[in-house]
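Right, one structure below, let's go through it.
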Amino acid sequence: MYPLLRINLEKLRHNAHIIVELCRKRNIKVVGVTKVFCAIPKVAEELVKAGVDMLGDSRIKNLKKLQHIPVPKMLLRIPMESEVEEVVKYADISLNSEISTIKNLSEEAIRQGKVHDIILMIDLGDLREGVLKEDALSVAEEILELKGVRLRGVGTNLTCYGSVIPTPDILEELIEVKEAIEKKFGQKLDIVSGGNSSSLYLVQNGLIPRGINQLRIGEAIVLGRETAFGDRIPHTYDDVFTLEAQIVELKEKPSYPRGILGMDAFGERQVYVDRGIMKRAILGIGRQDVNINDLIPVESCIELIGSSSDHLIVNVTNCDYPYKVGDVVKFKLRYGGILSCSTSEYVEKVIEEA
């Protein structure tokens, strides 16, 4: 059934292995991030085979799927107070910035007879999660006084919200926070989690500061690129995930709508250019499943025209292949496209072993 998301496990494992080895040379452990493919267990298992040290996801529902895999599990999103019980039950370690939530995790861990590990997130300018540097010592002191939780280290997130590029100077600040906590409280911290795929360019160029010993990597594994500048990582694949959609209509039509133009189905006003008659194919997939901007046609002759909730329109006028109704059009995907297609229950998932 179409549309379908095709997942090549051999290419995924290859990409993950290259990145794990790249990081290992710098004494950096990799948390394999599973959220982009909704933690499909068979896919997550390949990351472990490739050597990742931990699996991380932002959703507890996803971590539940991974309990049988014998590596630690990390909750990447700051825990909600309403999910504290499940955080302690299904995650071995979580990223945190709110002391009230950490206190709740402490109480719940005591109830469950566990010790839950904490990474204290430090905001180094990207303005997403994290305490400010000047508050880190006081928050760390409160954490260290709690039972049921253990402060394992510090971390930061860059690029995802504020587009701040990781630099050696910024990551040195994270190391300084870690060292200040150790010095003041005599408490050894063994994790300095220096960001995500946007930090990989520093690893590649030998610029990552000594002391950064963990990265949380998702996009670089599934797309073979670092995310600070979008550069490809040598010898990796960019087509681990591909989308296939079927043509449901194929007709020659004008390129400019006829009539009075208003808003489209999403309340947006579109701009059209009259380019004469086009051979237009409609595919059975739409914005409910994937954003058109996240699609890259495998055939360069295919041009993306537009989409509605359930239909994607492409121009095949310049294609030599004689497309017909029922034929399949293939796309590579950007990160957001993999995420949305993995999430959509209307997109079939097909896993290729080799």
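The values are calculated or read from the model by the stated rules, or taken from the named source; none is laboratory data. Note that the structure is predicted; figures quoted are calculated from it, not measured. Virtual Cβ from ideal backbone geometry, glycine too; neighbours counted across all protein chains shown. Accessible surface is based on the protein model in full, side chains and every heavy atom, while ligands, DNA and RNA are left aside. Shrake-Rupley method; radii C 1.70, N 1.55, O 1.52, S 1.80 Å.
For a quick check of your reading of the model, give me the residue pairs whose first member lies in segment 133-146 and is more than 15 Å from Leu174 (Cα to Cα), whose second is among the aromatic types (Phe, Trp, Tyr), with beta-carbon atoms closer than 9 Å and at least 6 apart or on different chains.
Qualifying pairs under 9 Å: Glu141/Phe185; Leu144/Phe185.
In segment 109-138, how many are more than 25 Å from the chain's Cα centre (by Cα) and open to solvent by less than 20 Å² (accessible area, probe 1.4 Å)?
Summing the residues that are more than 25 Å from the chain's Cα centre (by Cα) and open to solvent by less than 20 Å² (accessible area, probe 1.4 Å) in segment 109-138 gives 2.
Would you confirm whether or not segment 159-176 contains a residue that is touching a strand residue (DSSP E or B) at 6+ places or on another chain (Cβ under 8 Å), assigned to a helix (DSSP H, G or I), open to solvent by 70 Å² or more (accessible area, probe 1.4 Å) and outside the structural domain of Tyr335 (by the TED database)?
Among the residues of segment 159-176, not one is touching a strand residue (DSSP E or B) at 6+ places or on another chain (Cβ under 8 Å), assigned to a helix (DSSP H, G or I), open to solvent by 70 Å² or more (accessible area, probe 1.4 Å) and outside the structural domain of Tyr335 (by the TED database), which makes the answer no.
Could you give me the residue pairs with C-beta distances under 7 Å whose first residue belongs to segment 4-32 and is free of Cβ contacts under 8 Å to residues at least 60 places away in the same chain, whose second residue is open to solvent by less than 20 Å² (accessible area, probe 1.4 Å) and part of a helix (DSSP H, G or I) wherever it lies, and which are 6+ apart or on separate chains?
Taking only residues 6 or more apart or on different chains, the pairs are Arg13/Glu46.
Kindly establish whether Arg225 is in contact with a strand residue (DSSP E or B) (Cβ under 6 Å, 6 or more places away or on another chain), charged (D, E, K, R) and either more than 23 Å from Phe37 (Cα to Cα) or open to solvent by 10 Å² or more (accessible area, probe 1.4 Å) (or both).
Answer is yes for this residue.
For segment 210-246, which residues satisfy the criterion of being assigned to a loop (DSSP other than H, G, I, E, B), of a type in the set (A, V, I, L, M) and either within 30 Å of Val328 (Cα to Cα) or in the same structural domain as Leu174 (by the TED database) (or both)?
Ile212, Ile233, Val240
Right, Gly211: open to solvent by less than 20 Å² (accessible area, probe 1.4 Å) and in contact (Cβ under 8 Å) with a residue 24 or more places away in the chain or not?
Against the criterion (open to solvent by less than 20 Å² (accessible area, probe 1.4 Å) and in contact (Cβ under 8 Å) with a residue 24 or more places away in the chain), Gly211 does not qualify.
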